Structures are given as C-alpha cells and as structure tokens.
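Notes follow once the structure below has been shown.
The values are calculated or read from the model by the stated rules, or taken from the named source; none is laboratory data. From a predicted model like this one, the values you see are computed outputs, not experimental measurements. We place every Cβ from the backbone using ideal geometry, glycine too, and count neighbours over all the protein chains shown. What goes into the accessible areas is simple: the full protein's heavy atoms, side chains included, and nothing from ligands, DNA or RNA. Shrake-Rupley method; radii C 1.70, N 1.55, O 1.52, S 1.80 Å.
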Amino acid sequence: EKVLRYRRDASGWKKCREGNGVSISWRPSEEFPGNLYRGEGILCGTPEEVWDCIKPVASGLREKWDDNVSSFEIVQSITDMLCVSRTSTPSAAMKLISPRDFVDLVLVKKYEDGTISSNATHVEHPLCPPKPGFVRGFNHPCGCFCEPLPGDPNKTNLVTFFQTDLSGYLPQSVVDSFFPRSMAEFYPNLQKAVRKFHH
C-alpha cells in the first residue's frame with residue numbers, strides 16, 4: 001500500500017538527475033531520516049520481459065547483470081508471490097561503502113492493466129543473522145512497477161522506488177550522491193539485459 005501510494009502521489013518530488021530518458025527524483029522519507037528516491041524511464045521490451053530480468057527469484061537474471069547485486073537468495077518462500085530474501089551488495093563509491101546485506105519481505109503483485117510490481121521492506125529472520133564482512137542495511141518500503149506503455153505493447157514504463165538506510169557511519173554526502181547515480185545506471189544496464197535475454 002505504501003509503495004502504491006508513492007506511485008500515485010505526484011507531490012513534493014524534486015528532480016536530482018535526468019538524462020538518457022531516465023529521470024531520478026527524491027523527497028524526504030517518512031520512514032527514516034533519509035530520502036525516498038524515484039526513478040522513471042521507458043524500456044524497450046514488454047513488462048513480462050523486463051520483469052523477467054528483475055524478478056526476485058533464486059539464481060535469477062538479476063545477479064547476472066546488476067552490478068549492485070553480488071548475490072540474491074530466497075531465505076523462505078511463503079507463497080509464490082511472497083518471500084523473504086537476502087540481497088548482498090558489493091563495496092561501492094570507491095570502497096567508501098563497504099559490502100552490505102539486506103533481508104526483506106518481498107511481495108509481487110500483478111494488476112489488471114498488465115502492470116507487475118515488486119514491493120519490499122526489511123524484516124528480521126532467524127535464518128539470517130548478521131554475517132561477518134557485511135554491514136546490515138535496511139530497506140524501507142521500496143519497489144518497482146513494470147507498467148505497459150499505452151499505445152506500445154513492446155515498451156515498458158519502469159518506475160522504481162528506493163529508500164534505503166545503508167547503516168554504518170557514512171557521510172550523508174556519499175549516500176546522497178550514490179543513490180541517484182546507481183539508479184540512473186540501473187536503467188541502461190537493465191535495458192542491455194532485456195535485449196540480451198529476450199531478443
């Protein structure tokens with residue numbers, strides 16, 4: 001419900017990065033003392049093809065193409081639309097950000113208009129205690145919407161939401177520059193993946 005509300009609520013967003021057909025905006029998070037980021041861009045590929053490259057599944061395509069994901073595992077499968085996952089990320093920002101891991105409850109939703117969304121928020125899970133070598137970060141409600149583009153069934157409007165507490169002792173400036181940049185890179189990398197695996 002929260003992620004859907006972010007999608008529908010157009011107020012208060014400030015653009016912080018735009019280029020190559022991708023627009024990144026932010027506004028202060030209601031969940032933690034950080035920012036909620038929104039990315040929007042159009043990809044060549046049907047919503048199903050785009051979804052296939054980002055869907056939360058074990059040994060899925062995501063860890064093959066996404067530089068920000070070093071591993072993704074399903075900790076517990078609750079239903080075919082609901083799971084608990086652990087995502088590991090490599091060090092970033094010239095090693096200023098050390099490797100992180102995130103444990104999330106992930107809900108997949110399909111809408112009548114053909115939109116597919118993934119929605120996640122951090123949880124604690126007995127099978128996922130903190131791991132040596134990783135700082136445990138926390139995803140506040142976040143997700144993405146693969147929406148059919150009206151008038152062009154072979155294109156997808158992808159809207160992504162991130163509001164992540166990276167934890168640890170990071171200068172705010174590092175965090176504030178990292179997210180818009182990595183979200184902007186996510187789109188062309190995903191587009192390459194869609195072309196590679198589906199065309």
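Can you name the residue in the stretch 100-116 that is in contact with a Leu (Cβ under 8 Å, 6 or more places away or on another chain) and crowded, with 21+ Cβ neighbours inside 10 Å and is also farthest from SER88 (Cα to Cα) among such residues?
By that ranking, first place goes to VAL106.
Condition test on VAL75, is it touching a Ser or Thr at 6+ places or on another chain (Cβ under 8 Å) and closer than 22 Å to PRO148 by Cα?
No, not satisfied.
If you go through the stretch 96-116, how many residues are of a type in the set (Phe, Trp, Tyr) and part of a strand (DSSP E or B)?
1
I'd like to know if the stretch 83-95 contains one or more residues that are part of a loop (DSSP other than H, G, I, E, B) and either closer than 23 Å to LYS196 by Cβ or open to solvent by less than 40 Å² (accessible area, probe 1.4 Å) (or both).
Yes.
How many of the residues in the stretch 146-193 are polar (S, T, N, Q) and crowded, with 19+ Cβ neighbours inside 10 Å?
Matching residues across the stretch 146-193 total 6.
For SER177, all conditions in the list (1) without any contact (Cβ under 8 Å) to a residue 40 or more places away in the chain; (2) more than 22 Å from CYS53 (Cα to Cα); (3) of a type in the set (Ser, Thr, Tyr) hold save one; what is the number of the exception?
(1)
Among LEU96, LEU127, LEU158, which is the only one that is under 19 Å from GLU40 (Cα atoms), touching a residue at least 40 places away in the same chain (Cβ under 8 Å) and not acidic (Asp, Glu)?
Residue meeting the stated conditions: LEU158.
Would you kindly identify the strands (runs of 3 or more DSSP E) lying entirely within the stretch 8-79 that contain at least 3 residues that are open to solvent by less than 70 Å² (accessible area, probe 1.4 Å)?
Those strands (runs of 3 or more DSSP E) span 22-28, 35-44, 71-79.
Residues in the stretch 120-130: is at least one buried (at least 18 other Cβ atoms within 10 Å of the Cβ), of a type in the set (S, T, N, Q) and part of a strand (DSSP E or B)?
Scanning the stretch 120-130, I find at least one residue that is buried (at least 18 other Cβ atoms within 10 Å of the Cβ), of a type in the set (S, T, N, Q) and part of a strand (DSSP E or B), so the answer is yes.
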